[in-house]
1. Sorted from largest down, give the three principal axis spans of the alpha carbons of the stretch 70-164, whole angstrom values.
2. Hey, rough spin-label estimate for Asp49 and Val124, points 7 angstrom out along Cα→Cβ, what's it come to in nanometres?
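All of the numbers you see were taken from the coordinates with simple rules; none came from a lab. The structure displayed is predicted, hence computed values, not measured ones. When we count neighbours, we look across all protein chains shown, and the Cβ atoms used for this are built from the backbone with ideal geometry, even at glycine.
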Amino acid sequence: MIRRLVMVGLVAGLVASCAGAGRPTLSDDTVPEGRCSADGMQIDPLDSDGIPSAVAARRQELIDAAVACDYRALRRLARENGVDLRYEGDPMPVSQWREREHDGQPILRPLAGLLSLAHTRDEVDGAERFTWPTAVDWPFADVADAQERAALAEVVGEAGIFGWAEAGGYVGWRTSITADGTWTRLWYGPTDGEYD
């Protein structure tokens, strides 16, 4: 009988402690929001496009994180790679992305979408760099390959294809990865010295 009373007392104590003030209450504020501009995007498996395996792996890692709305993974990748993140020339740390997305500024959809498009290659400081989209090499928006332009417009919208006359080149969303798999930049808008 004493054993049974001790057990009942222990169970009652555990139940009371689990329901106490130390237990978090789940609400809209405590459950992380999983939605973002890339939520629901379907990106078909990508060909290697002749890019090095380190670039292909980083590209897939970025796409997977963006489509999953995984800000934590994107923050880790940005930190590990020392990526240059800019919006209209100003720094745009990943810690601001969720709020910017919530305010209607898509970031993750363009990132995932761009990386599914064709790329261009150049050399920077002796390293081969792969940049998405190919629009960075277009002299003017209206001379672009019609199929590539349509694919880009699907990702960033017509409003995202702008600025050639003023900036001297494409200044919509663009991102780069070097041959060793280092994610080096994600930019939107004019950036000083880019087309000098």
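1. 38, 37, 23
2. For Asp49 paired with Val124, the spin-label model returns 1.6 nm.
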